[in-house]
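Structure first, commentary second.
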Amino acid sequence: YSFNNSRLNAEWVGFTLDWYYKLAHNEEMLAAAGNSLLIALVASLVATALGTMAGVAMYRYKLRLLPVLVLTPIAIPENLMGVALLIFFVLLNFTLGLVSVALAHIAFCVGFVAIVVRTNLAMLDESIFEAARDLGAGPWQTFRRVTLPLILPAVLAGFLMSFTLSIDDFVITVFVAGVGVT
């Protein structure tokens, strides 16, 4: 649509780069795009760290509450998630703005990272981790030198998925952004 010379995009009129020229000269749109990229980057980094920990915990330990907490934001509709987060922020008397948007995106994206990491861990042979322990590696050393390198592609995939979902998620953002935030 951005290359179409039509203002309505109902039909193809011709090729143009004019919309990009107009975007490059619109300060408000550039500021909004900068905010979106900043929120997506921060939310993706934090969600990747938390989601990786959650994915490992869901794989290693059979906790009942953790999967519910991590995976519920994926299962519920976005408008319900947005209203729930808005109520949560209002009850905490939290000022709505870019921070509340970033927190909402983190809550939304953690589950996606956790699923990818947990699935990757389930495909690995458990004897690799047993061998590391047999060779004297402690839990942290086993994670750092064996587990993390093996799940790194899943962690990166989770980061990229989180970034994409954060950039795309407008519905939740509308509820938790507050007045005057672009």
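The values are calculated or read from the model by the stated rules, or taken from the named source; none is laboratory data. Owing to the predicted nature of the structure, the values given are computational and were not obtained by experimental measurement. With ideal geometry, Cβ positions are generated from the backbone for all residues, glycine too; neighbour counts draw on all protein chains shown. Quick note on the areas: whole protein, heavy atoms, side chains included, nothing else; ligands and nucleic acids left out. Shrake-Rupley method; radii C 1.70, N 1.55, O 1.52, S 1.80 Å.
Quick notes on this structure:
- Relative contact order [Cα under 8 Å, 6+ residues apart], the range 110-182, whole percent: 47 percent
- Which of L121, F163, V46, positive extreme of dipole for the chain (C-beta unit charges): L121
- Dividing the Cα radius of gyration of the range 1-118 by 2.2 N^0.38 Å, with N the residue count, gives 1.43.
- Cα-based helix-to-principal-axis angle, 65-75 vs the chain, degrees rounded to 10: 30 degrees
- Here's the picture: charge each Lys and Arg Cβ at +1 and each Asp and Glu Cβ at -1 in the range 1-75, and of A24, G14, M58 the one pushed furthest to the positive end of that dipole is M58.
- Normalised by the number of residues in the chain, the mean separation of alpha-carbon contacts (under 8 Å, six or more apart) gives a relative contact order of 33 percent.
- Relative contact order %, the range 45-129, counting alpha carbon pairs below 8 Å whose residues are six or more apart: 56 percent
- Fraction of accessible area attributable to carbon and sulfur, the range 69-182 (%, probe 1.4 Å): 72 percent
- Helix 148-168 axis versus longest C-alpha principal axis of the chain: approximately 20°, rounded to the nearest ten.
- When you count the other C-beta atoms within 10 angstrom of each residue and take the mean per peptide, 113-119, 53-59 line up highest first as 113-119, 53-59.
- Taking Cα atoms only, the orientation of helix 27-60 departs from the longest principal axis of the chain by about 20 degrees.
- Sorted on the mean count of surrounding Cβ atoms within 10 Å across their residues, most packed first, peptides 169-176, 20-27 read 169-176, 20-27.
- Quotient of Cα Rg and 2.2 N^0.38 Å for the range 55-168, N being how many residues it contains: 1.29
- Accessible area per residue for the chain is 63 Å², calculated with a 1.4 Å probe on protein heavy atoms, without ligands, DNA or RNA.
- Dipole size of the chain about its Cα centre, with +1 on Lys/Arg Cβ and -1 on Asp/Glu Cβ: approximately 540 debye, rounded to the nearest 20.
- Helical mean residue ellipticity (222 nm; -39500 (n - 2.57) per DSSP H run of 4+; nearest 500) of the chain: -23500 deg cm²/dmol
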